There are 2 protein chains.
Amino acid sequence: MTSSRPGRTSSARAEAAGLAALASLVADETRAGFLLALLDGRAWTAGELARHAGVAASTASEHLGKLVAGGLLAEERQGRHRYVRLADARVAQLVEDLAAQVAPTAAVRPRTLREAGAGSAMARGRTCYDHLAGRLGIAVTDALTGLGLLRQDTGFALTDEGVRWFDGLGVPLVRTGRRPIARACLDWTERRPHLAGVAGAALCRHALDTGWCVRIGSERAVKVTAEGERALSELLGIQPETLH
Amino acid sequence: MTSSRPGRTSSARAEAAGLAALASLVADETRAGFLLALLDGRAWTAGELARHAGVAASTASEHLGKLVAGGLLAEERQGRHRYVRLADARVAQLVEDLAAQVAPTAAVRPRTLREAGAGSAMARGRTCYDHLAGRLGIAVTDALTGLGLLRQDTGFALTDEGVRWFDGLGVPLVRTGRRPIARACLDWTERRPHLAGVAGAALCRHALDTGWCVRIGSERAVKVTAEGERALSELLGIQPETLH
DNA sequence: CTCATCGTTCGGCGCTCGCCGAACTGTGTG
DNA sequence: CACACAGTTCGGCGAGCGCCGAACGATGAG
């Protein structure tokens, strides 16, 4: 079926075909919905995703097969359940970047009160796969920058004091594979960068572990607890009002 | 035609639809080929792209209409020509990231000598939209890092000496909009990060302006000149052999 | 003016692909 | 063992979309 065309070298054509194939995986509304749901970093079962997207189980099964074959998802079978999650942080970053590119267009105008509530909860605080985003993520990033722990003026990197700050928190930063210690991730509600990478993930895990924040609802939204407000205020000087 | 489905809030559905719509633009082999060709950072005419992709002019015209409407391309009409280029650095980054995700799969195995030549020229040096990539890009990035001008261990940012080095080169770095001064871009042949962002673009422009390198062929490949080898050796201590 | 060239619009063809329900396999439960 | 439930496979339907050629405007060259 690969019609031989003039004009390009076959390597250029292969590159285009690969790019198109990857994009095709995301180019379906149902599959896109799966990927966005999975941005919460947790593993979902096939049935949960099917219900979430409002399609038949058979349809969801076919979609998951394609996403796994395409390397975007990793699966883990347990008994009669098929758990599926984003393949790695790289894929999560790609989905986030694509979603961020879309956001400006789809400027949010919620229709019902219920959605308005959900929308503002997501705007207050949420996770991008494994790090904090929303106003919460921005506040933390700004605070780190203001304290000289994170440098944004010439790129995006922790300072030496920043590394020590994480050590002091009891969260040593160990570099794994090619993932950078600090990376900027663009927030689609605030339109400003927040901390991602190894440090962003470590901080988010610490915040969930120690109860600074808890997940609300079944998706990405998180809520800062009273204890969390105290800790963020003490450690980073973040005013609780900033987070409301 | 938007069938009302249960399960998700309508805002989540809208987000998924937007994401799918964006990906759909890239999910066609012909349009993907356009985007990859445009990664050279230059403006192409509709006819050039049609010939390059091996499709009829009418087909190319329809594709360009979609890409422009989707915000991925910017167009400029001059007389009877329609010049088109990537909308901005953000779009270029997105296309690069997607292409990099594909590359590991499509491990290159060139078929003809001609393609092998083109392939290795691309591997030696090329541009990603507006900055240097390939072995050339990696060599420059490594040299900057080794000299303490760029910091990669805790993120990706220029040091203060790095900023001064660019000033000394006669290429002041001015921050425009939200684009970061330094950003890591993953190279799909070397699988390692190279310098992008304002600094990467400035360095690339300087290299082309001063004749350190010149474009070869009609796409992204660039070649280091003898003068360029001298300059890179003097300024950054890059051994010419590294670039061959 | 005449002609060539660049680009767009339109109609029609054919393929791909997402969707479902029904039938089936495999796993845990009572 | 019977039964409920998670997930998969298959056949078939319908819509969407990429492709082309032909006809048509618009621009620039001779």
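Any read-out appearing in this document is the output of simple, stated calculations on the displayed coordinates, not a laboratory observation. A quick note: this is a predicted structure, and the numbers were derived from the prediction, not measured. Note that each Cβ is placed from the backbone with ideal geometry, even for glycine, and that neighbours are counted across all protein chains shown.
Quick look at the values:
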read-out	value
C-alpha long axis of helix A:197-210 to longest principal axis of chain A, angle in °	60
Point-charge dipole on Cβ atoms (K/R +1, D/E -1) for the protein assembly as shown, about Cα centre, debye to 20	1280
Between helix B:29-38 and chain B: long-axis angle, C-alpha atoms, 0 to 90°, nearest 10	30
Other protein chain Cβ atoms within 10 Å, averaged over every residue that makes up A:91-103	4
Between segment A:135-206 and segment A:217-244, the Cα center-to-center distance that results, in Å	16
Relative counts (whole %) of C-alpha pair distances in the protein assembly as shown, using bins that are 10 Å wide	4, 19, 27, 27, 17, 6, 1
Partner lysines for A:Lys66 [C-alpha distance under 28 Å; skip if fewer than 8 residues away on the same chain]	B:Lys66
Full-extension gain in nm, B:Arg42 to B:Asp160, via 0.36 nm per residue minus C-alpha separation	39.3 nm
Paramagnetic reach from A:Arg179 (point 7 Å along Cα→Cβ, amide N under 13 Å) across segment A:67-89	A:86-89
Packing rank of A:42-48, A:167-173, where each peptide gets the mean count of other beta carbons within 10 Å, highest leading	A:42-48, A:167-173
7 Å along Cα→Cβ, label-point gaps from B:Arg175 to other copies, nm, shortest first	2.5
Principal-axis tilt of helix B:113-124 within chain B, Cα atoms, nearest 10 degrees	70
